[in-house]
1. Volume per residue, Å³, of the convex hull around the alpha-carbon atoms of the stretch 353-410?
2. Can you pull a Stokes-Einstein diffusion coefficient for the chain at 25 °C (0.890 mPa s), Rh from Kirkwood over Cα pairs, as a whole number of µm²/s?
3. Any number yet on Rg/Rh for the stretch 156-211, C-alpha, Kirkwood?
4. In nm, what is the difference between 0.36 nm times the number of residues separating A400 and N498 and their Cα-Cα distance?
5. So what is the orientation-averaged projected area of the stretch 190-305, using the convex hull of its C-alpha atoms, in nm²?
6. At R0 = 45 Å, how high is the FRET efficiency between V54 and D331 if r is their beta carbon distance? Nearest 0.05 is fine.
7. Checking a compactness column here: for the stretch 108-263, what do you get for Rg(Cα) / (2.2 N^0.38 Å), N being the number of residues?
8. Between helix 183-193 and the chain, what is the angle of the helix's C-alpha long axis to the longest principal axis, kept within 0 to 90° and rounded to the nearest 10?
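The values are calculated or read from the model by the stated rules, or taken from the named source; none is laboratory data. From a predicted model like this one, the values you see are computed outputs, not experimental measurements. Here the Cβ positions follow ideal geometry from the backbone for every residue, glycine too, while neighbour counts run over all protein chains shown. When the accessible area is computed, the model is the full protein with side chains, heavy atoms only, and any ligands, DNA or RNA have been set aside. Shrake-Rupley method; radii C 1.70, N 1.55, O 1.52, S 1.80 Å.
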Amino acid sequence: MTTGKINVSVENIFPLIKKFLYSDHEIFLRELVSNGTDATLKLKHLISIGEAKVEYGNPVIEIKVDKEGKKIHIIDQGLGMTADEVEKYINQVAFSGAEEFLDKYKDSAKDSGIIGHFGLGFYSAFMVAEKVEIITKSYKDEPAAHWTCDGSPEFTLEPADKTSRGTEIILHVAEDSLEFLEDSKISGLLNKYNKFMPIPIKFGTRTETLPKPEDAPEDYINETVETDNIINNPNPAWTKQPTELSDEDYKNFYRELYPMQFEEPLFNIHLNVDYPFNLTGILYFPKLGSDLQIQKDKIQLYQNQVYVTDNVEGIVPEFLTMLKGVIDSPDIPLNVSRSGLQADGAVKKISNYITRKVADKLKALFTENRADFEAKWNDIKIVLEYGMLSEDKFYEKAGAFVLYPTVDDTYFTLEELKEKLKEKQTDKDGKLVVLYAGNKEAQHSYIETAKEKGYEVLLLDSPIISHLIQKIEGDNSGLTFVRVDSDHIDNLIKKDENTISKLSDEEKETLKTSLEAYIPKAYSVQLEAMDSQAAPFMITQPEFMRRMKEMSQSGGGGMFGMGNMPEMYNLVVNTNSDLATNILNTEDKSHQEHLVKQALDLAKLSQNLLKGEALTAFVKRSFEMIK
């Protein structure tokens, strides 16, 4: 037996390891299982190139919990180590790796933004153990070795009587970590971190019921058998080629990833690249609707099938963090804080690749089956609209598949829309006016008025639409978007013809003065000569002011402070209506006030603006009129 002291500059590094990684101390199991996996895969490689003359067999990694003895065993059938290799890899390399890691990151110990702790490896065992043993036998014909360390820099190394190839690590669990002796805790961690690792992982056994034989009697009781409880799927869908997978395979994998998710995904995008970096994965578009407050962190990041995190900020473009799925890349640097991660060149290339791949897939889906794409539009539009605003590379490609639906459920691309509208919706100054509604029900009367003129009205109801149309207008000169309730229709698309007013200029001034005496300050009175059949009073909300306010409220853009501005409305009064003439000619001031208030309330009611006390008073007044 030999004893020795690990050569360290920090006297007793173990308490430091434990303290530094305390918030994440559960990762010890991920690290030790990963090491076992690496040892097994390395052996497979050595056998394949003829360097190791042994049988590979069907290796598994086994985890055993001894609750009574307060021990956890992690056993692999990999290449194992000789005593010299233990000395080299455990006492020198692994320890210096742990020390270097701590030295590098001790200043940011409070930064929970450190993603993963790969590289720390074996010594993470001391986060939960007061003593660690390694019993290992190499695939080479050399004696087994037994290494023991009690969390101080002293260790012992002696021969062992282990006869089977591989390594067993025994953790003597510390008093403050006894929770890790619970089967449910270990099972939960294996499911979280090791669910898709490439070597089968055994944790206990389970009872399996054998199928009933065809000729079994009525009272036959199915036989049961104890079988290894393999907790992982070593060959998950993303490790295969897209040609090997059916639609059903993709859906089954989605269910495997999200067992509590009952809705099917709309479609998936399979990522597979090996140059200039390695990346595989599958992204799924779930049903999203128009809600921006979607739970993010649903994409899982793996490194060589080992789970790392579900915070993929910086790796996946922000607009795609609303998707679900898996990304696996050995090229993502993990021992860095998130700010470092985003600045990394490889990470930026990965993010750009994912953006491009998603755009290409969307274009293909649109081209291959437009009707299906249109049917799914409302469930995916929020992601695509957000992408157009936040990623220039996505915006450049989006014209080929982003849709603009009308209130009648007809879908156009922007170029199709321009072509469709140019004949009727070009105003006298040559500007193409795109009319849209934000709410089909609330703006129904305005939509109907526009349709009577033969105009198309789009339905654009996402919470970020004001930002998006601002951007589209900026990139398409001669194009303007106007919400259908922002003015009366003849002002929205100005043609050369003017309707003649029945009232003289003098009568209009008198009428305006009378109206303003009873109309609240929030409304700007606007007299317009319209068709006599048009509504006498109409409330509109100026496009510019409303849009800026919406942009300010939904974050970014807009004018500073406009989000808190009170609502501003125009009251458009049709001077050719009988009601306008009636108000003008009424001598009785109280009757005149009654007419104006009733008409204003009706206009407010049509815009869903009549609420509370004002609505109660209106209903009471209306009943009085029909006694």
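1. Numbers: hull volume 4.4 nm³, N = 58.
Hull volume over Cα atoms, normalised by residue count, gives 77 Å³.
2. Working: Rh = 30.4 Å.
Value of D from the Cα-based Kirkwood radius: 81 µm²/s.
3. Details: Rg = 15.8 Å, Rh = 14.9 Å.
Looking at the stretch 156-211, the ratio lands at 1.06.
4. Net length gain for the segment: 31.3 nm.
5. Working: hull surface 45.8 nm².
It is 11.5 nm².
6. Efficiency, rounded to the nearest 0.05: 0.90.
7. On the way: Rg = 21.7 Å, N = 156, 2.2 N^0.38 = 15.0 Å.
Cα Rg divided by the expected 2.2 N^0.38 Å: 1.45.
8. Helix 183-193 sits at roughly 70 degrees to that axis.
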